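Scroll down for the structure; my scribbles are underneath it.
The values are calculated or read from the model by the stated rules, or taken from the named source; none is laboratory data. In this text the structure is predicted, and so the values were computed from the model without any measurement. Please note: Cβ atoms are built from the backbone with ideal geometry, for glycine as well, and neighbour counts cover all protein chains shown. Heads up: the accessible areas ignore ligands, DNA and RNA and are worked out on the full protein's heavy atoms, side chains in. Shrake-Rupley method; radii C 1.70, N 1.55, O 1.52, S 1.80 Å.
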Amino acid sequence: IRYAWEFISQVLKLEKDRLYATVYEEDDEAYALWQKISGLPEERIYRIGAKDNFWSMGDTGPCGPCSEIFYDRGEKYRCDAPECGIGKCDCDRYMEIWNLVFMQYDRDEAGQLTPLPRPSIDTGMGLERVASILQGVDSNYDIDIMVKLIHKIESLCGKIYDPGTAGFPFRVIADHSRSCSFLIADGVMPSNEGRGYVLRRILRRAVRFGKLLGLDEPFLYKMVPVVAESLGDFGCKLAEQQEIVAKVIKMEEERFQATLQDGLQIAEEIIIAVKQTGNTEIGGQAAFTLYDTYGFPLDLTKDIAEEHGLTVDEAGFNQAMAKQREMAKKARK
């Protein structure tokens, strides 16, 4: 708590009267420390329940109470709730910028908490959230390094970025271009399993949103030099490997583009048909057809469905997949 407060108040010099702290409701020690170290008045230190202020790795294992620091961005970001405040709403006025997890217990299957022999602290700050505060902008996507990426996307598609809902594809592409670039620079290659599959999903999602901006040819690979340049010395590893990174992304884009357009059209027809019948679920066989004929992984179909307020019958998809495998097996025999 001392280190966090010192960094925020003395190094970053954030206005103290805009800062708030939260602690787990039963954590008297953390509450007292906040009063002693920060000088925050009682009304700016909140006791919050386990849902938000008790962290765990899962149902069992290491866990412990946590303490957070919030920054008040002002009335401009206030919501319309009768009680707008920390722990009362989820609007953009109060932004969490720091979290301290006091990892001090081990929880067993019966829910019993046993003190850990070596307690530790898991702490982190939202780097881009703090950048948005220091730069006086509305969101992480408006900070300097993200603006450079969005300007590049504007030049590629010939459209002007809208910070509202219409700008969502720009934000997806800007974010995913960074993820893809650094994953590949770290040695991850697109594949159908593990982290390679995560990379493939992210990359294909960016390509799909590029379609909404009229980008029908491979474009994501052109973002790599801008990602590297936007981070200066911090992007040196990517800068050294940007040619191979761009090559890998372009190859994956070309592979995906070959089937994407037809598949998207079929997906759109399926969604329209589902909505016309009043259903909220895409059938498993329809999802399997997209996978089998157009190379759409189930996760991509689920993403598209979610954007239209629909779900996918995963059990039906798995049944169709099993049936296909059985038929292929018989054909081989």
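Please list, in chain and number order, the residues 5+ apart from residue 54 or on another chain whose amide H is under 5 Å from its amide H, with Hs placed from the backbone.
For residue 54, whose amide H was placed from the backbone, the distant partners under 5 Å are 66.
Cα to Cα, under 17 Å, and not fewer than 8 places away if on the same chain: which aspartates and glutamates meet these conditions relative to residue 275?
Those aspartates and glutamates meeting the cut-off are 303, 306, 307, 313.
Please tell me the relative contact order of the chain in percent, rounded to the nearest whole number, where contacts are Cα pairs under 8 Å and at least six residues apart.
9
Multiply the residue gap between residue 109 and residue 77 by 0.36 nm, knock off their C-alpha separation, and tell me the result in nm, one decimal place.
Length gained between residue 109 and residue 77: 7.3 nm.
Give the cysteines in the chain for which no other Cys Cβ lies under 4.7 Å away, or write none if there are none.
Flagged as lacking a Cys partner: 63, 66, 84, 89, 157, 180, 236.
What list of ³J(HN,Hα) couplings, whole Hz, do you get for region 172-187 from phi and the Karplus terms 6.51, -1.76, 1.60, once you set θ to phi - 60° and write x for glycine and proline?
With the stated coefficients, region 172-187 comes to 4, 5, 4, 5, 5, 5, 5, 4, 4, 4, 6, 4, 5, 4, 8, x Hz.
Work out, in µm²/s and without decimals, the Stokes-Einstein translational diffusion coefficient of region 210-253 at 20 °C, 1.002 mPa s, Rh from Kirkwood over C-alpha pairs.
Roughly 194 µm²/s, to the nearest whole number.
Tell me, what is the 1.4 Å probe accessible area of residue 77, in Å² to the nearest 10?
Near enough 50 Å² of accessible area.
For residue 211, project a label point 7 Å along Cα to C-beta. Then give me every residue of region 270-286 with its amide nitrogen under 15 Å of that point.
270-272, by backbone N distance to the label point.
Once you've got the GNM for the chain with C-alpha springs shorter than 10 Å, pick whichever of 308, 176, 151 has the biggest mean-square fluctuation.
Among 308, 176, 151, the largest mean-square fluctuation in the Gaussian network model of the chain belongs to 308.
What's log10 of I(q)/I(0) for the chain at q = 0.06, 0.08, 0.14 Å⁻¹, Debye sum over Cα points only, no solvent?
Log-scaled intensity ratios, in q order: -0.31, -0.55, -1.25.
If you line up the Cα atoms of region 176-328 on their principal axes, what length do they span on each, largest first, in Å?
Result for region 176-328: principal-axis Cα extents of 54, 34, 23 Å.
In whole Å and largest first, what semi-axes does the C-alpha gyration tensor of region 1-136 yield when each eigenvalue is scaled by 5 and square-rooted?
Values for region 1-136, descending: 27, 17, 14 Å.
Leaving out ligands, DNA and RNA but keeping every protein chain, what accessible area does residue 264 have, in Å² rounded to the nearest 10, with a 1.4 Å probe?
40
Based on the Cβ-Cβ distance from residue 247 to residue 151, what FRET efficiency comes out when R0 is 25 Å, to the nearest 0.05? Please report the intermediate quantities before stating the final value.
Values: r = 24 Å, r/R0 = 0.95.
That gives a FRET efficiency of 0.55.
Where in region 25-48 is the amide nitrogen less than 14 Å from a point lying 7 Å along the Cα-to-Cβ axis of residue 88?
Residues 43-47 fall inside that zone.
Given a Förster distance of 45 Å, report the FRET efficiency between residue 56 and residue 281 from their Cβ-Cβ distance, rounded to the nearest 0.05. Kindly include the intermediate steps, with their values, before the conclusion.
On the way: r = 32 Å, r/R0 = 0.72.
With a Förster radius of 45 Å, E is 0.90.
How many angstrom lie between the C-alpha centres of region 271-287 and region 66-125?
39
Can you give the relative contact order of region 8-79 as a percent, counting alpha carbon pairs under 8 Å and 6+ residues apart?
38
So between residue 293 and residue 15, what do we pick up on full extension, going 0.36 nm a residue minus the alpha carbon distance?
Result for the pair: 94.3 nm of gain on full extension.
Among all the lysines, which ones have a C-alpha under 24 Å from residue 152's C-alpha, if same-chain residues fewer than 8 places away are not counted?
Filter leaves 211, 222, 237, 247, 250.
For the chain, what does -39500 (n - 2.57) per DSSP helix run (n ≥ 4), summed and divided by total residues, give at 222 nm, in deg cm²/dmol to the nearest 500?
Theoretical 222 nm ellipticity from helices: -16000 deg cm²/dmol.
What is the Å³ per residue value for the convex hull set by the Cα atoms of region 67-137?
115
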